[in-house]
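Remarks on the structure that follows.
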Amino acid sequence: MVSEVEVKNLLKNEIANKMDLLADNIDENAHLADLGIDSLQALQLLVVLERSFGIALNDDDLQYFRDIKTLGHMVASRIQEAAAGGVH
Amino acid sequence: MADAVEAPIRPGRTLCFEDLRQILAHRFPLLMLDKVVDFERGKYIVGRKCVTANEIHFLGHFPSVAIMPGVLIVEALAQSLHVLDALSREGDALPNEPLLKFLGSVTMNFMRPAVPGDQLLLEVDIVKQMRRGVVGKAVARVDGTDIARGELTLMLKEDPRNE
């Protein structure tokens with residue numbers, strides 16, 4: 001089972017690569033827009049999350065693309081639901 | 001006729017050039033799609049682009065040998081994704097007015113060039129469709145051989161003329 005910490009680490013690494021930042025310097029409470037993530041990059045991030053963790057996300061889930069902490073928590077919950085055979 | 005075997009024309013799932021001009025805002029010399037030979041809403045599209053020596057970019061690319069610029073192969077694939085996205089959103093009707101969509105990102109590998117006389121088969125599968133944009137996996141083929149393969153993201157934008 002993938003942990004919330006692993007999800008957040010993946011998010012930090014993806015954002016660091018996209019925005020040319022150091023992953024260790026990214027604050028998980030920082031607003032994604034303040035890190036330079038726009039709607040295009042949010043869509044790309046969403047596809048990365050789907051591919052990495054085998055979950056399905058939709059337009060409504062974009063509300064969680066506020067900061068890494070919120071997003072990581074939501075994704076970890078979806079992974080748990082999927083593992084438990086729940087609908088996501 | 002290798003391409004015809006790969007992508008048989010499916011009656012009822014084809015679009016002619018005039019249909020495409022209703023969906024795409026692009027015009028000469030940047031309308032890079034001649035026909036859609038098959039599609040399934042929300043899933044995939046197969047477009048066709050016939051490369052001809054009369055196209056204006058061959059004046060400069062290159063004066064000594066005619067090679068279709070790779071960016072225009074990307075453009076042809078992006079227009080195919082644009083059409084598929086429009087068809088997937090609009091249901092049975094064609095849109096009344098072309099929507100503007102902008103290429104947000106491209107990851108593309110090119111295996112060989114396209115030259116006059118080639119018929120590009122443009123196959124695009126939807127990876128993810130959202131309200132604000134669409135991601136597609138794309139491949140361009142000539143005579144059954146992949147010449148370009150990658151992933152595209154298109155974003156819907158407000159018409160800048162209205163801003």
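Values quoted throughout were computed directly from the atomic coordinates according to the rules given, and no laboratory measurement underlies them. Not measured: the values here are computed from a predicted model. Ideal geometry is used to build each Cβ from the backbone, glycine not excepted, and the neighbour counts take in all protein chains shown.
Below are the figures for this structure:
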item: Residue mean of other protein chain beta carbons inside 10 Å, A:32-40; result: 2
item: Label-point separation, A:N9 to A:A84 (7 Å along Cα→Cβ), nm; result: 2.5
item: Shape category assigned to region B:26-88 from the gyration tensor of Cα positions, a/c cut at 1.5; result: prolate
item: Cα-based Kirkwood hydrodynamic radius, region B:2-162, one decimal, Å; result: 15.8
item: Computed label-point distance, nm, for sites A:A33 and B:T14 using a 7 Å Cα→Cβ extension; result: 4.8
item: Mean-position separation - Cα centroids, region A:15-62 and region B:10-86, in angstrom; result: 32
item: Ranked list, fewest to most other Cβ atoms within 10 Å of each Cβ, for B:F102, B:F62; result: B:F62, B:F102
item: Surface/4 estimate of mean projected area, convex hull on alpha-carbon atoms of the protein assembly as shown, nm²; result: 16.5
item: Crossing angle, helix A:4-19 versus chain A [Cα axis fit, 0-90 degrees, rounded to tens]; result: 40
item: Residue-by-residue Karplus 3J(HN,Hα) for region B:125-138, coefficients 6.51, -1.76, 1.60, Hz, glycine and proline x; result: 10, 6, 8, 7, 10, 10, 4, 8, x, 8, 10, x, 9, 10
item: Size of charge dipole - the protein assembly as shown - debye, nearest 20, with Cβ of Lys, Arg +1 and Asp, Glu -1, no other charges; result: 400
item: In degrees, nearest ten, helix A:68-83 long axis to first principal axis of chain A (Cα); result: 20
item: Amide proton proximity set for A:D67, modelled H, under 5 Å, gap of 5+; result: A:L32
item: Amide H contacts of B:K35 (H built 1.01 Å from N, under 5 Å, at least 5 apart or other chain); result: B:R48
item: MRE, 222 nm, helices only [DSSP H, n ≥ 4, -39500 (n - 2.57), over chain A, to nearest 500]; result: -17500 deg cm²/dmol
item: Length-normalised contact order of region A:4-83 in % [C-alpha pairs under 8 Å, at least 6 apart]; result: 40
item: Inter-label distance, nm, simple model (7 Å from Cα along the C-beta direction), A:D60/A:D24; result: 4.1
item: Debye equation applied to the C-alpha atoms of region A:4-83, log10 I(q)/I(0) at 0.13, 0.17, 0.21 Å⁻¹; result: -0.33, -0.58, -0.91
